[in-house]
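Following: one structure in structure tokens, then a few remarks.
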Amino acid sequence: THTWTHARTCTCVYSGSVVCLLNHGLGDRLLVSATHNTLLSQDPVSEEVSESTGVKWNVVRETKDGRRDVSITVEHTKPVKQVVWHYRGDYFATVMADAQGASVVIHQLSKRQSQCPFRNSKGVVQKVSFHPSKPFFFIATQTSVRVYNLAKQELTKKLLTGAKWISSIAVHPQGDNVLVGSYDKKLCWFDMDLSSKPYKVLRHHKQAVRQVCFHSCYPLFASCSDDGSVIVCHGKVFNDLMQNPQIVPVKVLKGHATVDGLSVLDCVFHPSQPWLFSAGTDHTIRLYT
């Protein structure tokens, strides 16, 4: 599985307990050069396993066609099930499976350091997400979402979903609204300025909701499910705090087959175009425009 950051030309590829940071070299030349210099930084990297996190950073340098290429591997103690980037591209967080209180690790790329700031958090962590502009960090457990202020190192809010088992979380680009999907077919929209309970609960899917996502530019959000569908909705957020978000279903997209009771596992919008990608258990990735 892989994920990327828009602030750098850097891609995270993770398999098992290892996360590999690569410069894909696509896009703006200045970003490509800055990312290469960051990965090639001569800052000392400890080859020993950190006692506090159990994480080990390694630098792999290669020379191909006269060009120095570099990649960084970050070894964890347990299999990694999610990687998310901070919007500035220097921090990224990983979630490990079956790691109890130390399942969430936050890494800093420039200093090549890792820390576990949520050792005392309760519940099994399902998903995490950074706030798009503020130092807030979202941790979704099986039934609730905790919002932490990383600068103050304190819990600021707890979102009560009413779901039996959370599967996914997405934060609106403006940061005040949160979308939570669950395995019990629910899609919860939270307006954090309004309440800690869902502003609206959508039950459009007939099977488990696997992923939810917002578009970064357009007022759109999407959800995918084991019922073989991807549902796109119009979700407009207003600057007027007295006006509630406007949520309207737009389109039901189908095409993925169901294999052993599973179907569409992931969906994500293009960062600038009105395009939607989906991936399923039928070994296909589909593009909807």
Unmet criterion (only one of (1) crowded, with 19+ Cβ neighbours inside 10 Å; (2) out of contact with any helix residue (DSSP H, G or I) (no Cβ under 8 Å at 6 or more places or on another chain); (3) modelled with pLDDT of 85 or more) for PRO117: (1)
Go through VAL74, VAL84 for me and flag whichever is open to solvent by 20 Å² or more (accessible area, probe 1.4 Å), of a type in the set (A, V, I, L, M) and under 19 Å from the mean Cα position of the chain (by Cα). VAL84
Has region 202-210 got at least one residue that is at pLDDT 95 or above and either small (Gly, Ala, Ser) or under 25 Å from THR156 (Cα atoms) (or both)? yes
Over region 181-207, the set of residues of a type in the set (A, V, I, L, M, F, W, C) and within 16 Å of PRO249 (Cα to Cα) is LEU187, CYS188, TRP189, VAL201, LEU202
Determine which single condition PRO274 fails, assuming it passes every other condition in (1) open to solvent by 40 Å² or more (accessible area, probe 1.4 Å); (2) outside any loop (DSSP other than H, G, I, E, B). (2)
Residues of region 8-30 being surrounded by 17 or more Cβ atoms within 10 Å (Cβ to Cβ) and modelled with pLDDT under 80, which ones? ARG8, THR9
Conditions first: (1) in contact with a Phe, Trp or Tyr (Cβ under 8 Å, 6 or more places away or on another chain); (2) in contact (Cβ under 8 Å) with a residue 60 or more places away in the chain; (3) among the polar types (S, T, N, Q). GLN174 passes all but one, so which condition is the exception? (1)
Among residues belonging to region 140-151 that are assigned to a loop (DSSP other than H, G, I, E, B) and over 15 Å from the mean Cα position of the chain (by Cα), point out the one that is surrounded by the fewest Cβ atoms within 10 Å (Cβ to Cβ). ALA151
Against the definition (open to solvent by 30 Å² or more (accessible area, probe 1.4 Å), modelled with pLDDT of 85 or more and closer than 24 Å to GLY25 by Cβ), how does TYR91 come out, yes or no? yes
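Here is a list: LYS251, LYS200. Which entry is surrounded by fewer than 17 Cβ atoms within 10 Å (Cβ to Cβ), among the charged types (D, E, K, R) and closer than 16 Å to VAL145 by Cβ? Before you say what the answer is, go through the steps one by one.
Values: LYS251 fails: closer than 16 Å to VAL145 by Cβ.
LYS200 is the lone residue from the list that is surrounded by fewer than 17 Cβ atoms within 10 Å (Cβ to Cβ), among the charged types (D, E, K, R) and closer than 16 Å to VAL145 by Cβ.
Inspect all residues belonging to region 157-170 and state whether any of them is in a strand (DSSP E or B), within 19 Å of PRO135 (Cα to Cα) and touching a residue at least 40 places away in the same chain (Cβ under 8 Å).
Looking for residues that are in a strand (DSSP E or B), within 19 Å of PRO135 (Cα to Cα) and touching a residue at least 40 places away in the same chain (Cβ under 8 Å), one finds at least one in region 157-170, hence yes.
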Output for region 203-217, where each listed residue is under 26 Å from MET242 (Cα atoms) and open to solvent by 20 Å² or more (accessible area, probe 1.4 Å): ARG203, PHE214, SER216, CYS217
So SER121, is it within 16 Å of the chain's Cα centre (by Cα), at negative phi and of a type outside the set (A, V, I, L, M): no
Of the candidates LEU109, LEU160, LEU179, LEU194, the one satisfying the condition of being farther than 30 Å from VAL70 by Cα, of a type outside the set (Asp, Glu) and crowded, with 21+ Cβ neighbours inside 10 Å is LEU179
Looking only at region 95-105, decide whether some residue is more than 21 Å from SER52 (Cβ to Cβ), of a type outside the set (Lys, Arg) and open to solvent by less than 20 Å² (accessible area, probe 1.4 Å). no
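The values are calculated or read from the model by the stated rules, or taken from the named source; none is laboratory data. Note that the coordinates shown come from a computational prediction; the quantities given were computed from them, not determined experimentally. When we count neighbours, we look across all protein chains shown, and the Cβ atoms used for this are built from the backbone with ideal geometry, even at glycine. Areas reflect the complete protein model, heavy atoms only, side chains present, ligands, DNA and RNA absent. Shrake-Rupley method; radii C 1.70, N 1.55, O 1.52, S 1.80 Å.
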